[in-house]
Every structure is written in C-alpha cells, then in structure tokens.
Amino acid sequence: MFSLWVMHFDIKDEKVWFQRNITEHEAVDVLMERGVVKEDLVLGFRPVYARGYAGFAVA
C-alpha cells in the first residue's frame with residue numbers, strides 16, 4: 001500500500017499559503033514539526049473571515 005500526497009501551496013509575502021490539501025495527513029502539522037510557526041501558515045482554502053479562528057495567519 002502507498003500513501004498519496006496531493007496538495008497545492010504557494011509562498012507569498014514570506015508566508016506559506018495552503019490552497020488545497022487532499023491527503024490523509026495534515027501537511028501543516030508536518031511543517032510545524034519541522035519548525036514553521038503557525039503565524040507563517042495561511043489556510044487559503046478557508047474563507048477569510050474563518051482563517052484566524054484556528055490561530056494561523058490570516059494573510
């Protein structure tokens with residue numbers, strides 16, 4: 001069995017913007033384990049008004 005990782009992210013204004021994550025893993029958790037702070041991660045697939053509720057960057 002293999003694991004399929006399909007995701008789309010951009011790097012804009014020194015922030016990692018997750019546009020899509022179709023994986024069985026939370027890619028943001030992997031990045032945070034490797035030292036990327038929540039304030040540098042934007043959940044771009046969420047509406048603007050909802051992004052800040054999880055503690056991630058809003059833009």
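Based on the Kirkwood radius over alpha-carbon pairs, what is the Stokes-Einstein translational diffusion coefficient of the chain at 20 °C with 1.002 mPa s viscosity, in µm²/s?
So the translational diffusion coefficient is about 180 µm²/s.
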Self-check item: Estimated distance in nm for a label pair at Lys12 and Glu39, the labels positioned 7 Å out from Cα along Cα-to-Cβ
Solution: 2.1
Quiz item: Roughly what would the spin-label model give for His25 and Ala59, points 7 Å off Cα along C-beta, in nm?
Solution: 3.2
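A short reminder: the numbers here are calculations on the coordinates, not readings from a lab. Owing to the predicted nature of the structure, the values given are computational and were not obtained by experimental measurement. Cβ sites come from the backbone with ideal geometry, for glycine too, and all protein chains shown count toward neighbours.
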